[in-house]
Every structure is written in structure tokens, then in C-alpha cells.
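A short worksheet on the structure shown next.
The values are calculated or read from the model by the stated rules, or taken from the named source; none is laboratory data. What you see is a predicted model, and the numbers here were worked out from it, not measured in a lab. Cβ coordinates were reconstructed from backbone atoms using ideal geometry, including for glycine residues, and neighbour counts include every protein chain displayed. Protein only, heavy atoms only, side chains kept; ligands, DNA and RNA dropped before computing areas. Shrake-Rupley method; radii C 1.70, N 1.55, O 1.52, S 1.80 Å.
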Amino acid sequence: MGELRGRFAPSPSGRMHLGNLFSALLAWLSVRSADGVMVLRMEDLDPDRCKEEYAAQLADDLRWLGLDWDEGYEKGGPHGPYRQSERTQLYAAAFRRLEAQGLIYPCFCTRAERLAASAPHRSDGQVIYGGKCRHLTEEERNELAKTRRPAWRLTVPDRDIAFTDGLQGYYEENLLSDCGDFILRRSDGVYAYQLAVVYDDGAMEVNQVVRGRDLLDSTPRQLYLYELLGLTPPEFYHVPLLTAPDGRRLSKREKDLDMGALRQRFTPVELTGLLGYWAGQLDRPEPVLPKELAQIFDWSKVPREDIIVE
Ligand code: GLU
């Protein structure tokens, strides 16, 4: 591999919290310890949830900790724009490419209909789509289109997709039975995360993706899209999630662990020390600069299992 190109790709749908920062720090350490290039891309596709003020705050919170980036949001670079909301035309072209291969169909099912089909659930709680609209005739489609705007799904084959995650090891899923035909464009016209993230990481020449373990089971779907779009997939490292003592994942709802509260409670070096300790890089949580951690960073010390935060 040539130069390492990593990225942090947050969704600016609220203030960043401890869990997001943990993933961001690991992505940054991995890049900086290898003298690579760091990209910051704002995944602000969902206009109902994402706000520019959250994006600006996010960039400020990263800088406060001492995490910088070489390309991306507020900085520009050769693969811009770096806000997904400004890249719609690019996703549209990728979508048309898949459409031309006959791989996309309109799905008229409502959420209630999908749930009522008592389809099996994935570990992330999503329903595996049973393929009801895959077999509609042209006539049926035209009829349904008179009253409903469809979402658009990718037809997946009955195929196992396997890869080796840098941290979690071997992982395999069957596209049909574990994922089902998945949405590439929502009924309101917004392109789906799966399409946008693959297109962007490919176009931005990202060759290492470090992100939360909750996205491990999206990876086979994404690898399939890389293949269909003729893009080279990156290597993946899915890092542990931070959880509350009762096993719940920390989320943006936990106000006491969002960056506003954390910035009052800790100095940047104290917080980096705590995160570095959880990441297995320090024997105890002691103040440290991110760039000092980068000098000793070692993937083999990062734990695989989720980390309980008291
Ligand atoms: N934008 C996604 C999120 O904030 C992360 C996407 C990724 O890292 O692949 O959950």
C-alpha cells in the first residue's frame, strides 16, 4: 500500500460524545502513526437531522482535543466537496450506473408493511427485507406509483461476502439471508448512507476505514457496492463501542458525556489520557498529547470488546 489515507466521517446530527471521540482518536492515531493523510468528511445527508452548526461545533471539538486533518471540511482538497449534502450529483451518477445494470427496483412498502411481514431482524434491529416489491410487474409498479413515492432498493444475490477486519478478524455474511435487498435511495429522494459512504471513500481514495463496531455488519453490503461500482475497498478496523455499565451504548442522548460537558470536566490532555488508556495504549489514564500517543500507537494493544465507562 502507498500512502495511508484515513478518514473521520461523522454525522453532524448533534454534539459529539465520548464514543464518537474515541473512534475519531483511533482513526487519527492510526493515520498519524503512519505519516498518512487524514480526511474529515461531514456525513450530513439527512436534512431532517443534520445541521451546519453541529458540523462547525464538531470541527471545533476535534481541534480542542488536538486532532487535525489535512483534507476536508473547512480545509478543502483535491476530492471535494467534503460535505455529503453537496455531493448529490455524484451519488445520482453512481445510482444510475447500478440502475443501468438492472440491479435497482422501486419498493412501495411502507414501514408498517415491512414490519408486518414478520421478517427476521438483523443484529442491529433492522428488518431483513423479504423482497416483496422485487417481483412486481411493470403494470403493478405504475399503479402503485400513482399514490406512493417509492424507495429504491439494490437486488442482492445469494452470496457470502467475507473479509478480515484489522481488529475483529474474519467476518462473513450472506447478502441475501443476512442483509436482504437494501435501500440506496429513500422515498424522499435522499441517497442512503451505504451508497454515499462507499462512493465517497472510493472517490476520496481512502484506503483505511476506522469506525465503531456497530458498522461491522454494514461492511459486507459495502464491499458488494465497491465491487459493483468498480472501486477499490479500503482495509477496515472496527473499534469497540463505549457502553454504560448496564451494557447500553453511549449515545448523543447522554448529555453528561457530550463534548460540552466533557470540555468543562477535563483538559484536552486529561481526556486524551483517558481515551488512550481505554484504547490499551497507556497503563493508566495520565495526561498526554494526541501526538505523543501517535508515537507509541500500536493496533495490537487495542481491545476488541466493548468498553464499559463508569
Ligand atoms: N457517518 C457515520 C456515523 O456517524 C459513520 C460512517 C462511517 O464511518 O462509515 O455513524
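Data overview
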{"quantity": "Per-residue HN-Hα couplings for the stretch 210-217 [Karplus 6.51, -1.76, 1.60; θ = phi - 60°; Hz; x = Gly/Pro]", "calculated": "10, 7, x, 4, 5, 9, 4, 7"}
{"quantity": "Heavy-atom accessible area order for Arg41, Arg5, largest first, 1.4 Å probe", "calculated": "Arg5, Arg41"}
{"quantity": "MRE, 222 nm, helices only [DSSP H, n ≥ 4, -39500 (n - 2.57), over the chain, to nearest 500]", "calculated": "-10000 deg cm²/dmol"}
{"quantity": "Solvent exposure, largest accessible area first (probe 1.4 Å, DNA, RNA and ligands not counted), of Asp158, Asp70", "calculated": "Asp158, Asp70"}
{"quantity": "Gain upon complete extension [Asp188, Arg49; 0.36 nm per residue less C-alpha separation]", "calculated": "48.7 nm"}
{"quantity": "Highest to lowest packing among 149-156, 100-107, 25-32, scored as the average C-beta count within 10 Å", "calculated": "25-32, 149-156, 100-107"}
{"quantity": "Unpaired by the 4.7 Å Cβ criterion, cysteines found in the chain", "calculated": "Cys50, Cys109, Cys179"}
{"quantity": "Extension gain, Arg249 back to Glu172 (0.36 nm per residue minus Cα-Cα distance, nm)", "calculated": "25.4 nm"}
{"quantity": "Cross-link reach list, aspartates and glutamates versus Lys51, counting only Cα pairs under 12 Å and skipping chain neighbours closer than eight places", "calculated": "Glu43"}
{"quantity": "Beta bridge orientation in the chain: antiparallel %, DSSP, nearest 5", "calculated": "50"}
{"quantity": "Anchor Lys301: aspartates and glutamates whose Cα lies under 14 Å away (excluding residues fewer than 8 positions away in-chain)", "calculated": "Asp283"}
{"quantity": "Those aspartates and glutamates that a straight Cα-Cα span of less than 20 Å connects to Lys146, excepting residues fewer than 8 apart in one chain", "calculated": "Glu113, Glu138, Asp188"}
